[in-house]
Amino acid sequence: NNLMLDKFKVMWKDKEDRRYIIRFSVIFIGVIAATIFYYLSANAPQQNVAKSFSAALGRLDTMKASSTFSATSDKDATQIFSEYFNTPSVKQFYAKLYTNYKFTTQTITVSESSATCDVDITLPNIKGAMADLFASGTGISGTQWTNLYKSDASAQVFDALSKAYDSGKLSLETVTVKLKMVSEDGGWKIVFDKDLLDQISGGAFTLLLH
């Protein structure tokens, strides 16, 4: 270390060497600053959209969450999200779930007008719990299960799930979701589809939609 310091002092005394050191330092600092600026400018908008979506979802504010959706989103998925999540039994159930809801933004990849944002979501395994309900028998016919999304029996199912959650019978699991985004109207929007709908519902809509 002392040898390097002595060498630096010798170079600093020489006018040409001093100019070289200054030029190199300016270029080096400039490159570092440009890299940091690029990283922040490239990633901050997508991360902010993901956080806005997450915050709205945590409050079950479907209108606020929908404001982050792209016009290219799946129409059926957005309709189910905005309508079904607001039905009393479903909303009451997910209000409980989202008290322990975790939504952690990870890697963001930007490619011109599109981007992906890897997000870790921790929720109970609702799909498994619903499968257990189906296997144990709930008084709901097979036809009602097949069309559960449009059936009054959905209230019965979510009431049963709510009781299971209260008794601690729903195990938590963390899944990594890729939020797909597009540059749209001067900003970034989430491409909402049935896969994302299923992920944020803990797998419930796989059964509800089939």
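The values are calculated or read from the model by the stated rules, or taken from the named source; none is laboratory data. Small disclaimer: the values here were computed from a predicted structure and weren't measured. Cβ sites come from the backbone with ideal geometry, for glycine too, and all protein chains shown count toward neighbours. Side chains included, ligands, DNA and RNA excluded: accessible areas come from the protein's heavy atoms. Shrake-Rupley method; radii C 1.70, N 1.55, O 1.52, S 1.80 Å.
For the reader, a short list of remarks on this structure follows.
- Residue count, region 83-96 (criterion: open to solvent by less than 50 Å² (accessible area, probe 1.4 Å), part of a helix (DSSP H, G or I) and under 15 Å from Leu197 (Cα atoms)): 3
- Looking only at region 86-107, and only at residues there that are in contact with a Cys (Cβ under 9 Å, 6 or more places away or on another chain) and without any contact (Cβ under 8 Å) to a residue 60 or more places away in the chain, the one that is nearest to Ala204 (Cα to Cα): Thr105
- Extreme residue, modelled with the lowest pLDDT, among residues of region 154-193 that are polar (S, T, N, Q) and either surrounded by fewer than 13 Cβ atoms within 10 Å (Cβ to Cβ) or in contact with an Asp or Glu (Cβ under 6 Å, 6 or more places away or on another chain) (or both): Ser171
- Of all residue pairs spaced 6 or more apart or on separate chains, those with beta-carbon atoms under 7 Å, a first member in region 47-59 that is farther than 10 Å from Tyr98 by Cα and free of Cβ contacts under 8 Å to residues at least 40 places away in the same chain and a second member that is part of a helix (DSSP H, G or I) and open to solvent by 20 Å² or more (accessible area, probe 1.4 Å) are Ala56/Lys64.
- Given (1) buried (at least 19 other Cβ atoms within 10 Å of the Cβ); (2) more than 21 Å from Leu97 (Cβ to Cβ); (3) at pLDDT below 80, index of the condition Thr146 fails: (1)
- Matching residues, region 53-70, being of a type in the set (Phe, Trp, Tyr) and part of a helix (DSSP H, G or I): Phe53
- When Ser151 is tested against (1) open to solvent by less than 50 Å² (accessible area, probe 1.4 Å); (2) at pLDDT below 80; (3) in contact with a Leu (Cβ under 9 Å, 6 or more places away or on another chain), exactly one condition is not met: (3).
- Qualifying residue in region 94-112 (condition: of a type in the set (S, T, N, Q), modelled with pLDDT under 75 and under 16 Å from the mean Cα position of the chain (by Cα)): yes
- Residue within region 72-82 that is open to solvent by 70 Å² or more (accessible area, probe 1.4 Å), part of a loop (DSSP other than H, G, I, E, B) and in contact (Cβ under 8 Å) with a residue 60 or more places away in the chain present: yes
- Residue satisfying all of: in region 97-116; hydrophobic (A, V, I, L, M, F, W, C) and not in a helix (DSSP H, G or I); nearest to Lys169 (Cα to Cα) among these: Phe103
- In this entry, Asp118 passes the filter for residues that are of a type in the set (Asp, Glu), surrounded by fewer than 19 Cβ atoms within 10 Å (Cβ to Cβ) and under 22 Å from Lys178 (Cα atoms).
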